[in-house]
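Asks: First the structure, then my questions, so here it is.
The values are calculated or read from the model by the stated rules, or taken from the named source; none is laboratory data. From a predicted model like this one, the values you see are computed outputs, not experimental measurements. All Cβ positions, even for glycine, are placed from backbone atoms using ideal geometry, and neighbour counts span all protein chains on display.
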Amino acid sequence: MNWQGPQVGELPGGRLHLQHGPIDLVIKAESDADSLRKAYAAATLRFQTVLGQLAAELPLLRCPLTGETLPLAASPVARRMIAACWPHRARFITPMAAVAGAVADEIRDVMLESASLRTLYVNNGGDIAVHVAPGENLRIGVVPDPGTPTQMGQITVDSGSGIGGIATSGWRGRSFSLGVADAVTVVAPSAAAADAAATMIANAVSVNHSAVRRAPAFSLDPDSDLGDLAVTVGVDALPTSLRREALDAGLHHAQGLASARLILGAVLTLRGETRICGPKAGYLERLDS
Amino acid sequence: MALTDTHLTERSAKFGAAEGNEGIIRCDACPVLCRIRPGRSGACARYANQDGMLVRTDPVVLLQQAVETGQSLVPFAEGAIEWDGAILNPARTFVTGIGAGTTYPDYKPAPFIVSQEHDGVDTVTVVTEGIFSYCGVKVKIDTDRHLGPEAAAIRVAGEQVGHVTTAEYGSQMLSLGGVRHLTGGSRKEGNVTCDTLLRLCNGEAVELTIDGGHAVIVEAGKPPIVDGKPESRMRVGCGSATVGIFAKQWLGQVDEVIVVDDHITGVLTEHQAGRVLDMRPAGIRVRGRKSTPGRYFQVANPGMGWGGTDITDPLSIIQRIDPAVAWPGLRLLLTSTTGEDAQWCVLDKDLVPQPAAMPAGVRTVVDRIGDNCEPSVCTVLFMAGAGGSLRAGVTENPVLLTRSVQDGTTRVTLGGAPAMLWPGGGITVMVDVTRLPKNAFGYVPTPALVAPIEFTLPRALYEANGGHGAEIIPVSEVVRTFGGAARIEPMPLRNPWPLKAGG
């Protein structure tokens, strides 16, 4: 097979770009030059085998999680995916819901093992693993509508926030969604946890209405882990009451995840309307919506 | 946009395999092996299924020849073909290798084999992106400043990516990349080298450090920045040449001129130029090794001071002043070869040079040295050997391609830019990276650079030489099927039209 191997590049601003098949990582760390070299080298080395390992376990990772027995996966990234999705199994979920976040977490952790870094983010197409040393902080902009990239606000991550990951899901994103949210952004202790939760909250922002067009997942992607579930392919104008109903359903789900300590906060948006779930004082208050 | 051309449809077999009867293609670009339905892209969004063909979503670049100056494309009323408001005339469109993709293994035909008529002759251009392990860049830096000793290692992020090579007149030369740094050293050395070459070729600035020398930021077409200081001028010539050029203009205004230069420092009254003007010997002996009268080698060490030397106090260049020859009141000018540094002195009664305000007439001549210097720029030439199996994608009989390139029948362009062909065996080419469209270069993790390359030759010769005749697509077809999706760029006016013989 003449597959393209992992691509390694440097982006302006001292960022590292790792790309292999669907995985596209933009990484930036702050530290001294020697630590940066070590951390970027560690990320590049680990990245060589990430996609190959995932591809080898795709059949397992595309199976819905049910029952009481945790599936056993071989690769560390696959284990992260299963662990992050496991608490959500009361509803339909497969480990694929956390794939992007799990890859980001894995790369962040190998970088932190190799060197001491002041700040670090590993951005895997919008699902971001972060690390902030005491006394430092990292600001992440929140853009609710990918079509009109204007920043709604910022999430400031510091070492006391407990935030290890930020992820966004929505029907416009690159993964299928059962719901109608434009974007659900979640902050959680890990990127994999945020990724899984964002998927589930976005799925919960749901209504049945003729303005919502859906199609079976397999009709779009024959290999989709969602099988014959109806995924959103278009959302026309929704009545205001339904929009609010959908958002409130999502908010309710998010609050449940927050009280179970699975997430630290969430921002839900649908056609300009927003819901925020999270502690009253803290990082999410710093969003100026 | 329906892709109907049968040749184009056949191309899909090179990249993916049809599966079942629902138009699904299995993409084999990466281990995920996505099965992609028509009209959708794979998980990476880089490959898509367009009506049963697996296509790259990165656009191929078409160069459009403008008939008038200016950036805008010039539409043609006659025979024009419309695409979303943009009009492309096939007769004036050149398909470049940028974004064309590669085929591996190479024995498969190149991604595009395009036929086009030029001056009544049916020509074929074979368009591909080559993967070059044997490649590098030659950098010319117009400065006399000492950057580092010849053969010194050049490093990026601590890794050696090349070396300082033979200096040229007014310029320092660097040789970067090459197969030994790309694949002959550590993996890191290879990756850093590949990244350095890629950035330089795509017109980005790269900071290089030279062992035993200095740090220089190189960007194609821009002045070099040496140890944080942007360079503005090339020297007008060596110190001796400067004396020769300006001797007559100094006559009557000065008694002696010393032009400080790392290569040859010139002393006016000793120099042939001063003798011819009957100037009185001044008796000021400079340091260094005398070459011929008024011309001195090695007056100081190379450095960041005057004229590419390490001199910062110009009077330190004077070894002694002969009291039997010099006289009080002698007017002495010291200048560098760019006119950036200059000092006016008058000898006092003890024959010690005393700095003084420079007379306006002398200042005019010093300024003229600067005016005659050309702007200092970095030029980056990409150099690569296309002699490998890449040729098999062009023709079934590769040596015939090599020979026809060598005898000039087949023209080689890179992204439409003319390539200098190094005589002798193989297809070794050099191209000025600023003449290619933006971001024309890529890389593979081997590591090696990916560069567009096009071979243009008469169709009859192509077919006679064992070319992939069945793969030839008319350019009109490429324009019709890819025009809407391609990146369309105006042909740089300073490049000759790639199809033109002798261009």
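Asks: Checking the condition surrounded by fewer than 20 Cβ atoms within 10 Å (Cβ to Cβ) and within 8 Å of another protein chain (Cβ to nearest Cβ), which residue from A:Arg37, A:Arg15 passes?
Replies: Every option except A:Arg37 fails the conditions.
Asks: Hey, among the residues in the range A:18-34 that are closer than 10 Å to A:Ile107 by Cβ and among the β-branched types (Val, Ile, Thr), which one's nearest to the other protein chains (Cβ to nearest Cβ)?
Replies: The selected residue is A:Ile23.
Asks: For the subset of the range A:214-226 comprising residues that are out of contact with any Phe, Trp or Tyr (no Cβ under 8 Å at 6 or more places or on another chain) and outside any helix (DSSP H, G or I), which member is surrounded by the most Cβ atoms within 10 Å (Cβ to Cβ)?
Replies: A:Asp225
Asks: Just the residues that are in a helix (DSSP H, G or I), crowded, with 19+ Cβ neighbours inside 10 Å and away from chain B (no Cβ under 11 Å), please, taken from the range A:43-75.
Replies: Answer for the range A:43-75, where residues must be in a helix (DSSP H, G or I), crowded, with 19+ Cβ neighbours inside 10 Å and away from chain B (no Cβ under 11 Å): A:Ala43, A:Arg46, A:Leu61.
Asks: Further, regarding this structure: I'm checking my understanding of the structure. Among residues of the range A:229-259 that are touching a helix residue (DSSP H, G or I) at 6+ places or on another chain (Cβ under 7 Å) and not β-branched (Val, Ile, Thr), which one is nearest to A:Ala193 (Cα to Cα)?
Replies: Among them, the one singled out is A:Leu257.
Asks: Could you tell me whether any residue of the range B:359-371 is within 30 Å of B:Gly203 (Cβ to Cβ), touching a Lys or Arg at 6+ places or on another chain (Cβ under 6 Å) and surrounded by 13 or more Cβ atoms within 10 Å (Cβ to Cβ)?
Replies: no
Asks: Is it the case that the range A:227-237 has a residue that's within 14 Å of another protein chain (Cβ to nearest Cβ), within 30 Å of B:Gly20 (Cα to Cα), outside any strand (DSSP E or B) and in contact (Cβ under 8 Å) with a residue 40 or more places away in the chain?
Replies: Checked against the condition, which is being within 14 Å of another protein chain (Cβ to nearest Cβ), within 30 Å of B:Gly20 (Cα to Cα), outside any strand (DSSP E or B) and in contact (Cβ under 8 Å) with a residue 40 or more places away in the chain, the range A:227-237 yields no hits at all.
Each row is one residue, and each column tells you yes or no for (1) touching a residue at least 40 places away in the same chain (Cβ under 8 Å); (2) closer than 17 Å to A:Leu138 by Cβ.
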residue: A:Gly9; (1), (2): no, no
residue: A:Pro12; (1), (2): no, no
residue: A:His17; (1), (2): no, no
residue: A:Asp24; (1), (2): yes, no
residue: A:Ile27; (1), (2): yes, yes
residue: A:Ser31; (1), (2): yes, yes
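Asks: Which of the residues spanning the range B:230-262 are under 30 Å from the mean Cα position of the chain (by Cα), touching a residue at least 12 places away in the same chain (Cβ under 8 Å) and surrounded by fewer than 24 Cβ atoms within 10 Å (Cβ to Cβ)?
Replies: B:Glu231, B:Ser232, B:Arg233, B:Met234, B:Val236, B:Gly237, B:Cys238, B:Ala241
Asks: Also: Within the bounds of the range B:323-336, is there any residue that is among the β-branched types (Val, Ile, Thr), touching a strand residue (DSSP E or B) at 6+ places or on another chain (Cβ under 6 Å) and touching a residue at least 40 places away in the same chain (Cβ under 8 Å)?
Replies: Yes; the residues of the range B:323-336 include at least one that is among the β-branched types (Val, Ile, Thr), touching a strand residue (DSSP E or B) at 6+ places or on another chain (Cβ under 6 Å) and touching a residue at least 40 places away in the same chain (Cβ under 8 Å).
Asks: I've got another one for you. Taking into account only those residues within the range A:18-34 that are in a loop (DSSP other than H, G, I, E, B) and within 19 Å of the chain's Cα centre (by Cα), which is surrounded by the most Cβ atoms within 10 Å (Cβ to Cβ)?
Replies: Residue satisfying both the conditions and the ranking: A:Gly21.
Asks: Here is a follow-up. Of everything in the range B:126-165, what is assigned to a strand (DSSP E or B) and of a type in the set (S, T, N, Q)? Give them in sequence order.
Replies: Answer for the range B:126-165, where residues must be assigned to a strand (DSSP E or B) and of a type in the set (S, T, N, Q): B:Thr128, B:Gln160, B:Thr165.
Asks: Considering only the range A:200-225, how many residues are in contact with a Ser or Thr (Cβ under 8 Å, 6 or more places away or on another chain) and either within 14 Å of chain B (Cβ to nearest Cβ) or within 15 Å of A:Leu270 (Cα to Cα) (or both)?
Replies: Adding up the residues that qualify gives 7.
Asks: So, restricting to helices (runs of 4 or more DSSP H) that lie completely within the range B:179-280, which ones have at least 3 residues that are within 14 Å of chain A (Cβ to nearest Cβ), out of contact with any His (no Cβ under 9 Å at 6 or more places or on another chain) and modelled with pLDDT under 95?
Replies: Here the list reads B:187-201.
Asks: Would you point out which residue out of A:Asp32, A:Asp24 is closer than 30 Å to A:Pro222 by Cβ, of a type in the set (D, E, K, R) and out of contact with any Ser or Thr (no Cβ under 8 Å at 6 or more places or on another chain)?
Replies: Within the list A:Asp32, A:Asp24, the selection yields A:Asp24.
Asks: For A:Ile82, work out the one condition from (1) within 23 Å of A:Leu226 (Cβ to Cβ); (2) within 11 Å of another protein chain (Cβ to nearest Cβ) it doesn't fulfil.
Replies: (2)
Asks: Could you list, in sequence order, the residues of the range B:120-157 that are farther than 21 Å from B:Met420 by Cα and either without any contact (Cβ under 8 Å) to a residue 24 or more places away in the chain or of a type in the set (Val, Ile, Thr) (or both)?
Replies: Hits for the range B:120-157 are B:Gly120, B:Val121, B:Thr143, B:Glu150, B:Ala151, B:Ile154, B:Val156.
Asks: Next question, about the same structure. Tally the residues that are under 25 Å from B:Pro452 (Cβ atoms), surrounded by fewer than 18 Cβ atoms within 10 Å (Cβ to Cβ) and not charged (D, E, K, R), restricting the search to the range B:176-202.
Replies: Looking only at that region, the number is 3.
Asks: Output yes when any residue across the range B:473-482 is touching a His at 6+ places or on another chain (Cβ under 8 Å), assigned to a strand (DSSP E or B), at pLDDT 75 or above and over 27 Å from B:Gly136 (Cβ atoms), and no when none is.
Replies: Looking for residues that are touching a His at 6+ places or on another chain (Cβ under 8 Å), assigned to a strand (DSSP E or B), at pLDDT 75 or above and over 27 Å from B:Gly136 (Cβ atoms), one finds at least one in the range B:473-482, hence yes.
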